[in-house]
Amino acid sequence: VLSNSHMIISSIPQPYPGRIVIIGKDSGAYVGIYAVTARSASSRAKRYVRHGDSVVVEATDEDVMAQGNLDLLSYTAMRWDSNHLVIVNGRQVDEVLTFKDNARDTLEYSLGAIDVEPDKYHTPRITGYIHDGHMNSGALHIVREKEGVQLRDVYEIPMLEGRGYGICTYAGPNTRPTQSFIDKPFEVPLSFGNTMATAESLYDSLEPRVGEEDLRVSVAVVYWKQGVKDIYITNAVDRI
């Protein structure tokens, strides 16, 4: 029987998914996950920390991080209030301000004008959103580029117990140029029971094979039940 960690790793493109957004439900709680793998020194010179009702990037070496594009490296990865949770891989969190009746319509409306990141890989922008209103709903959004055209897809996600769905920025092969993720959301099991177990299991699932570089940077997990949000973050730099 496969453990949850092994089931997760079989779902996520390997060995280089880039950034990962997963939403779902576990033990009666909504679940939001943001996981980061990175290759460049500037992308790795950071940790993710809670700041009020958000999870934000904090530099671990400001000089090294400044060698990259700070507009792409420094951002709010998660933001929440009493009824909403938004997870992003860039600065588009500020675009999700007009909330519709359900998660899918919210992302389709809010992100209709954003483009891929202006880097050499045209990195997709990925977003997850959970809306706890009169309609419990979740959605995932991705914008990617193909032959100079911005392609935007939004997926309604069923908030079903023990199940999560995710998208990532890259397709898996650790190559340059790096291929964008082009599939529909992948399914992952969510039966860990709490934020710490979920984060540690996902972090372990991203462990590299023998002889491969360890690209893990961080995993941040939110469990949201009856209005209460529990947050757990594990950063590679803090595990040394």
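The values are calculated or read from the model by the stated rules, or taken from the named source; none is laboratory data. Bear in mind the structure is a predicted one, so any value in this text is a computation, not a measurement. Each accessible area value is taken on the protein alone, full model and side chains, heavy atoms only, with ligands, DNA and RNA left out. Shrake-Rupley method; radii C 1.70, N 1.55, O 1.52, S 1.80 Å.
Here are the numbers for this structure:
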| quantity | calculated |
| --- | --- |
| The range 21-73 versus the range 160-198: alpha-carbon centroid distance in Å | 16 |
| Accessible area of the range 183-240 belonging to carbon and sulfur atoms, whole % at 1.4 Å probe | 48 |
| Cut-off under 5 Å, modelled amide H: who pairs with THR178 long-range | none |
| Rounded percent of accessible protein surface that carbon and sulfur make up, the range 70-139, 1.4 Å probe | 45 |
| Solvent-accessible heavy-atom area per residue, rounded to whole Å², over the chain at 1.4 Å | 45 |
| Translational D in µm²/s for the chain (Stokes-Einstein at 4 °C, 1.567 mPa s, Kirkwood Rh from C-alpha pairs) | 73 |
| Cα convex hull of the range 185-240, projected area averaged across orientations, nm² | 5.2 |
| Cα principal axis extents for the range 148-192, largest first, Å | 38, 23, 11 |
| Count of Lys pairs (Cα-Cα under 18 Å; at least 8 positions apart or interchain) in the chain | 4 |
